[in-house]
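Chemist: Sharing a structure here in structure tokens format.
The values are calculated or read from the model by the stated rules, or taken from the named source; none is laboratory data. Keep in mind that what you see is a predicted model, and the values were worked out from it rather than measured. Don't worry about glycine lacking a Cβ; one is built from the backbone with ideal geometry, like all the others, and counts go over all protein chains shown. Surface accessibility is based on the protein's heavy atoms, side chains included, excluding ligands, DNA and RNA. Shrake-Rupley method; radii C 1.70, N 1.55, O 1.52, S 1.80 Å.
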Amino acid sequence: MSNEKKVRAYTNIALIKYWGKRNEELFLPMNSSLSLTLDSFYTETSVSFDSSVSEDIFYLNDTFQDTKATEKVSRFLDLFREEAGIKLPAIVKSTNFVPTAAGLASSASGMAALAGAANLASGLNLDKTTLSTYARRGSGSATRSIFGGFVEWQMGTNNADSCALKVDDASWDIGMVTVVVNDKQKAVSSRVGMKNTVATSPFYPSWLESTAVDLRNIKSAILKKDFEQVGEITESNGMKMHATMLGANPPLSYWEPDSVRAMQAVRDLRQSGIPCYFTMDAGPNVKVLCRLSDGQKIKDYLSNIFNPTQLIISGPGKDIEEITD
Ligand code: ADP
Ligand code: DP6
């Protein structure tokens, strides 16, 4: 286990959402998306290819994982084994500093960290852009977690060019307050939810058209550091994604009563002169895009409705990184 090294990858929250694949096997998305990487939520993973075990072994949060969870990791590691000509099983140890499968993007940081650790253990030394195409094959949103700041996942035309690109390092006054409405595992995974939405929602073609426009506009707002415009586009794009899934058959909604309460609180805050905007993913939790310098004020206000332990302030996260304990 001489080559065991830990890699940390931060989660990201999409401001322009990915919600649908055009190629399930290669994880090629229906549209390009754009996110902000966050510093408060991350995953740390080590991989070692090891002749002392007979099959892949996966520990998540110090818990031995069953065949189903391990198979997903095994299939992903096969991409690295094939490329590097490695025939050995692997021991994978991962810790999520983010709730798993609760709409807080554990799949993004989880698969990006796994890609980074496999890259080290296999000796492939892929550059970050290429690494993002590998991360993509674990989970689409993981593509964007290879980089910090504002990151675009360009839909591309094939396996090699559907990759992440850093748009801006977000080293300005920007961050998010996450409202953890419920951190239990959700009933419908993003994977299943998006597949059904693409297949059945009559709103899907308009979603794609309008997302392409949102992406163009948000990139130009980011480059101008126009926070209000970034926020308005974010809030609108997130709501359109949820409208599209409400149109699926059967209709899909991840909202809970507290999600709606959080959204209303954000509107109230805005009314009171604090610029902030919400977005939601495949879960009931609400993420509030804000000036990082307003984070505490927003948390204090939301503490009238939620327990302070449900409110987590994040600044922009960094690129994937190798860490030593
Ligand atoms: P989330 O909203 O947390 O991203 P998903 O249902 O989209 O929820 O993804 C959760 C899945 O991501 C898990 O079931 C697991 O397969 C994968 N995952 C999460 N964390 C890790 C990790 N640290 N290492 C490998 N895979 C992970
Ligand atoms: C709503 O990346 O979790 O968070 O590619 O099937 O693993 P798979 O899905 P995943 O979906 C993320 C959906 C989203 C929007 C986004 O992050 O862009």
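Chemist: Roughly speaking, what is the centre-to-centre gap between segment 199-223 and segment 53-68 when only Cα atoms are used, to the nearest Å?
Modeler: Comparing the Cα centres of segment 199-223 and segment 53-68, I get a distance of 39 Å.
Chemist: Considering only Cα-Cα distances, which of the following residue pairs are longer than 31 Å: LYS87/LYS128; LYS5/LYS225; LYS5/LYS68; LYS6/LYS184; LYS6/LYS72; LYS93/LYS299? Walk me through the intermediate numbers first.
Modeler: Numbers: LYS87/LYS128 24 Å; LYS5/LYS225 37 Å; LYS5/LYS68 25 Å; LYS6/LYS184 27 Å; LYS6/LYS72 20 Å; LYS93/LYS299 34 Å.
Where the Cα-Cα span goes over 31 Å, the pairs concerned are LYS5/LYS225; LYS93/LYS299.
Chemist: Pick out, from ASN31, THR95, ASN61, the residue whose Cα sits farthest towards the positive end of the charge dipole of segment 17-105, with +1 on the Cβ of Lys and Arg and -1 on the Cβ of Asp and Glu.
Modeler: Farthest towards the positive pole: ASN31.
Chemist: Ok, one more. Give a residue-ordered list of calculated ³J(HN,Hα) values for segment 293-305 (Karplus: 6.51 cos²θ - 1.76 cosθ + 1.60, θ = phi - 60°; whole Hz; x for Gly, Pro).
Modeler: 5, 8, x, 5, 4, 5, 4, 4, 5, 5, 5, 6, 10
Chemist: Something else: Compute the Cα gyration tensor for segment 56-147, then decide on rounded, prolate or oblate, letting a ≥ b ≥ c be the square roots of its eigenvalues: rounded whenever a/c is under 1.5, prolate when a/b is larger than b/c in the other cases, and oblate in all that remain. Could the numbers behind the result be given before it?
Modeler: On the way: a/c = 1.92, a/b = 1.12, b/c = 1.71.
Judged from the Cα gyration tensor, segment 56-147 comes out oblate (a/c at least 1.5, b/c at or above a/b).
Chemist: Here is a further query. With an 8 Å cut-off on Cα pairs and a minimum separation of 6 or more residues, tell me the relative contact order of segment 5-171 in percent.
Modeler: This gives 29 percent for segment 5-171.
Chemist: With N denoting the number of residues in segment 181-325, provide Rg(C-alpha) divided by 2.2 N^0.38 Å, to two decimal places.
Modeler: Details: Rg = 16.6 Å, N = 145, 2.2 N^0.38 = 14.6 Å.
It is 1.14.
Chemist: Now for a separate question. Share of the chain's accessible area from carbon and sulfur, percent, 1.4 Å? Mind showing how you got there, number by number?
Modeler: On the way: 6910 of 13580 Å².
Carbon with sulfur: 51 percent of the solvent-accessible area.
Chemist: What does the charge dipole of segment 201-248 about its Cα centre add up to, to the nearest 20 debye, if the Cβ of each Lys and Arg holds +1 and the Cβ of each Asp and Glu holds -1?
Modeler: Details: 5 positive and 6 negative charges, 34 e Å.
The calculated dipole for segment 201-248 is roughly 160 debye.
Chemist: Distance from the Cα centre of segment 233-268 to that of segment 281-299, in angstrom?
Modeler: For segment 233-268 versus segment 281-299, the Cα centre distance is 15 Å.
Chemist: Heavy atoms of the protein only, probe of 1.4 Å, neighbouring chains included. What is the accessible area of THR67 in Å², nearest 10?
Modeler: 100
Chemist: If you wrap a convex hull around the C-alpha atoms of the chain and split its volume per residue, what is the figure in Å³? List each step's numbers first, then the result.
Modeler: On the way: hull volume 41.3 nm³, N = 325.
Output value, Cα hull per residue: 127 Å³.
Chemist: Separate question: For the Cα atoms of the chain, what angle does the longest principal axis make with the long axis of helix 190-200, in degrees from 0 to 90, nearest 10?
Modeler: The two axes meet at around 60 degrees.
Chemist: Along its principal axes, what span do the Cα atoms of segment 1-102 show, with the longest given first and each in whole Å?
Modeler: Extents along the principal axes: 45, 31, 24 Å.
Chemist: Based on DSSP, what percent of beta bridges with both residues in the chain are antiparallel, to the nearest 5? Please report the intermediate quantities before stating the final value.
Modeler: Details: 47 of 51 bridges.
Among the beta bridges of the chain, antiparallel pairing accounts for roughly 90 percent.
Chemist: Could you give the angle, 0 to 90 degrees to the nearest 10, between helix 67-84's Cα long axis and the longest principal axis of the Cα atoms of the chain?
Modeler: 70
Chemist: From the C-alpha coordinates alone, can you work out the Kirkwood hydrodynamic radius of segment 5-171, in Å? Kindly include the intermediate steps, with their values, before the conclusion.
Modeler: Numbers: mean 1/r = 0.0640 Å⁻¹.
About 15.6 Å for segment 5-171.
Chemist: Could you tell me how far the Cα centroid of segment 24-46 sits from the Cα centroid of segment 180-197, in Å?
Modeler: Using only Cα atoms, the two centres lie 15 Å from each other.
Chemist: Magnitude of the Cβ-charge dipole of the chain, K/R +1 and D/E -1, about the Cα centre, nearest 20 debye?
Modeler: 540
Chemist: If you average the sequence gap of Cα pairs under 8 Å that are 6 or more apart and divide by the length of the chain, what percent do you get for the contact order? List each step's numbers first, then the result.
Modeler: Details: 734 pairs, mean separation 79.5, N = 325.
Taking the mean separation of contacting Cα pairs over the length of the chain, I get 24 percent.
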